[in-house]
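Here the structure comes first, spelled out in structure tokens, and everything after it is commentary.
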Amino acid sequence: MMEFDREFPDDAACLEWLKNRIYPNGIRCPKCDKVTRHYRVVSRPSYSCQFCGHHVHPMRGTIFEDSATSLKLWFHAIFLMASTRCGISAKQLERELGVTYKCAWRMFNRIRSMLDETDGPKFRGEIEADESYYGGSERNKHKNKRDAHRNMGKTSVAGMVERGGRVSATVLTMPWKGNILAPIRQRVLPRTMIFTDEAHHFHDLRQMGFQHRRVNHTQGVYVDGDVHTNTLEGFWSLTKNGIRGVYHNVSAKYLQMYLNEYSFRYNRRKSLGKRNMFDAFTARIVKKA
């Protein structure tokens, strides 16, 4: 925290960092049609061209646009989110920053919107694929409904993980076979080896051009040589325990954003240190056209 305060002591330092992040090669003035020197405008968060006076706003097009909240508080919120392993709740952020819950919730959603990695490189190597369900606890159901309707009312999520590599989790709008296979077709390279359980959803993987081996969980077999889905099961456990312990409950509407955050952390788990994760979060700040 002391290191963070030294680098980002006030809004001006945060804006200067953002300007250097957005314009690493200098600011190109559209009126002068060249890269020119820009000076900070004292009365507003912008920079002015030394020749024509054209204003450039680094916050425009980023998650900070149209926000009246201090830029230092935004960076502090990112720091707090990056410093935890299982996340931090909006109520805790409200207490830490001294803002309203509505403001903390809005900041959370905007920061999480940067963490989507669905457009990343396709998965390769050895892949584990599985489906999981997020929702109420089994012990809260009526006894005669716990087995027959175990996943009724829950949100279905399809996941895949590279052994020793990245993970991806996608909320499914409808838990049917075509919908479950769609993320695999989109994210995994053809002819890749995929390990799954015995669920019927995965029967068509070979016809789709993938190599496929499975382990039969219903028969009590969870590891057969190198065939298992334990890596992905560990990720499911991490996310569910995190949601249960930090957020207590997440609606289906926002579940994808939470999964994106957990996946983002998991994919950078080998980057030791809180500062490395903070740098990973801030590296996602981009300026949209």
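At a glance:
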read-out: Residue list for region 181-192, filter: within 19 Å of residue 228 (Cα to Cα) and either open to solvent by 40 Å² or more (accessible area, probe 1.4 Å) or in contact with a helix residue (DSSP H, G or I) (Cβ under 6 Å, 6 or more places away or on another chain) (or both); value: 191
read-out: Test set (1) closer than 22 Å to residue 124 by Cα; (2) surrounded by 13 or more Cβ atoms within 10 Å (Cβ to Cβ); (3) modelled with pLDDT under 90; (4) under 25 Å from the mean Cα position of the chain (by Cα) - residue 175 fails condition number; value: (1)
read-out: Condition met for residue 3 (among the acidic types (Asp, Glu) and under 23 Å from the mean Cα position of the chain (by Cα)); value: no
read-out: Lone unmet requirement of (1) in contact with a His (Cβ under 8 Å, 6 or more places away or on another chain); (2) under 29 Å from residue 165 (Cβ atoms) for residue 49; value: (2)
read-out: Helices (runs of 4 or more DSSP H) enclosed by region 61-133 - at least 3 residues per element that are surrounded by fewer than 18 Cβ atoms within 10 Å (Cβ to Cβ) and out of contact with any helix residue (DSSP H, G or I) (no Cβ under 6 Å at 6 or more places or on another chain); value: 90-97, 101-112
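A quick yes/no check of all residues on (1) at pLDDT 90 or above; (2) more than 30 Å from residue 22 (Cβ to Cβ); (3) within 17 Å of the chain's Cα centre (by Cα); (4) of a type in the set (Phe, Trp, Tyr):
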residue	(1), (2), (3), (4)
50	yes, no, no, no
58	yes, no, no, no
103	yes, no, no, no
124	yes, yes, no, no
129	yes, yes, no, no
136	no, yes, no, no
147	no, yes, no, no
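The values are calculated or read from the model by the stated rules, or taken from the named source; none is laboratory data. Given the structure is predicted, the values throughout are model-derived calculations rather than measurements. We place every Cβ from the backbone using ideal geometry, glycine too, and count neighbours over all the protein chains shown. In case anyone asks, the SASA skips ligands and DNA or RNA and just uses the protein heavy atoms, side chains included. Shrake-Rupley method; radii C 1.70, N 1.55, O 1.52, S 1.80 Å.
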